[in-house]
1. Would you mind stating whether A:Leu170 is of a type outside the set (S, T, N, Q) and more than 14 Å from DNA strand B (Cβ to nearest atom)?
2. Can you name the residue in the stretch A:212-248 that is at pLDDT below 95 and among the charged types (D, E, K, R) and, of all such residues, is surrounded by the fewest Cβ atoms within 10 Å (Cβ to Cβ)?
3. Quick one: would you say A:Leu183 is closer than 27 Å to A:Ile275 by Cα and more than 11 Å from DNA strand C (Cβ to nearest atom)?
4. Give the residues of the stretch A:122-163 that are within 15 Å of the chain's Cα centre (by Cα) and either away from DNA strand C (no atom under 11 Å from the Cβ) or hydroxyl-bearing (Ser, Thr, Tyr) (or both), sorted by residue number.
5. Pull out all pairs, ordered by first then second residue, where Cβ-Cβ is under 8 Å, the residues are six or more apart or on different chains, the first lies in the stretch A:279-291 and is more than 11 Å from A:Asn185 (Cα to Cα) and in contact (Cβ under 8 Å) with a residue 40 or more places away in the chain, and the second is in a loop (DSSP other than H, G, I, E, B) and hydroxyl-bearing (Ser, Thr, Tyr).
6. Among the candidates A:Glu190, A:Glu215, which residue alone is without any contact (Cβ under 8 Å) to a residue 12 or more places away in the chain, closer than 20 Å to A:Leu170 by Cβ and not assigned by TED's automatic domain parsing to the domain that holds A:Asn120?
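The values are calculated or read from the model by the stated rules, or taken from the named source; none is laboratory data. Values in this document were obtained by computation on a predicted structure and should not be read as measured data. Neighbour counts run over all protein chains shown; Cβ positions are idealised from the backbone, glycine included.
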Amino acid sequence: MPELPEVETVRRGLAPVMEGARFDKVLAHRGDLRWPLPKDFVKRLEGQTVTGLGRRAKYLLADLSSGEVLVMHLGMSGSFRVALNSVETFSGNYYHDRSKDEAHDLVVFRMSSGATVRFNDPRRFGSMKLVPRTELDDEPQLRGLGPEPLGNAFDAAMLAKAFEGKSTSLKAALLDQRNVAGLGNIYVCEALSRSRLSPKRKASTIADRKGAPNERAEKLADAIKAVLNDAIAAGGSSLRDHRRTDGSLGDFQHNFRVYDREGQRCPTPGCGGTIKRIVQNGRSTFFCPVCQK
DNA sequence: CCGCGGGCCTGAGAGC
DNA sequence: TGCTCTCAGGCCCGCG
């Protein structure tokens, strides 16, 4: 579900109630997430203060006073919801009284700020891990990640270098988190549409023979930054599961140019093409075969 | 090393 | 109503 803009939206929703607050109570209703929660998960969290809530690619990173970092990922269907002053959430028979909405609440935090933070994830592809801060760089999930697309290290030259000699498609190369970290299926399709590049184009063709960026690389890098910034400003895209932490919907799905718009008219002025859906590496790609070359 | 296909889960929606 | 099938915003693993 969530790509960089959705995760950043969640981070901004959680930060006000988690930063500077202590875990007063932690409930792990289910421990079988993508990776099983450690047996002492609750013990290691309760009593700790969150000194900062950051994000790396699609991971949320809560720095703890214990020196550990709570590394969280939303998988495909994960979401966080913040409730203020919800005492009933912690009644003794909470599990049996949960409404359908709460059926997939896997982990619940009661913070000293007074907020209850619920992690809900029907498909359970999400994960939570506790990692010592000093070992964060060695963490398998984080170690191989490419640069942040909204950070200083990301530009056309960097992208061209990363794609140099790659025979795979632009679509696959952009989805590969080792090249750029944070894009997913939606924003790759949208960035390619904005930059008028075909998802089927060989990744290596945004660089010249020496690995220097060409005009395509410049357009692509600009489009990536623009679409991510626009999506963050809109609170992310709500198709099925994504919500802001107050439960409201993101708005960026209304601004999709191609994603999930098969058969519709290409929005490029004067193009007149029709959005097509193809499958690349087992995932849907939406694009306009007329203006994306 | 690289690129690709399968698998992990549940739920929504389409078609019969 | 219900069954079956496909598909879904991600990532890990193993294969060639």
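1. No: the conditions fail for A:Leu170.
2. Within the stretch A:212-248, the match that is surrounded by the fewest Cβ atoms within 10 Å (Cβ to Cβ) is A:Arg240.
3. Judged against the criteria, A:Leu183 is not a match.
4. Passing the criteria: A:Ser127, A:Met128, A:Gly146, A:Pro147, A:Glu148, A:Pro149, A:Leu150.
5. Short answer, once both residue conditions are applied: A:Phe287/A:Ser198; A:Cys288/A:Thr268; A:Pro289/A:Ser198; A:Cys291/A:Thr268.
6. Exactly one residue qualifies, and that residue is A:Glu215.
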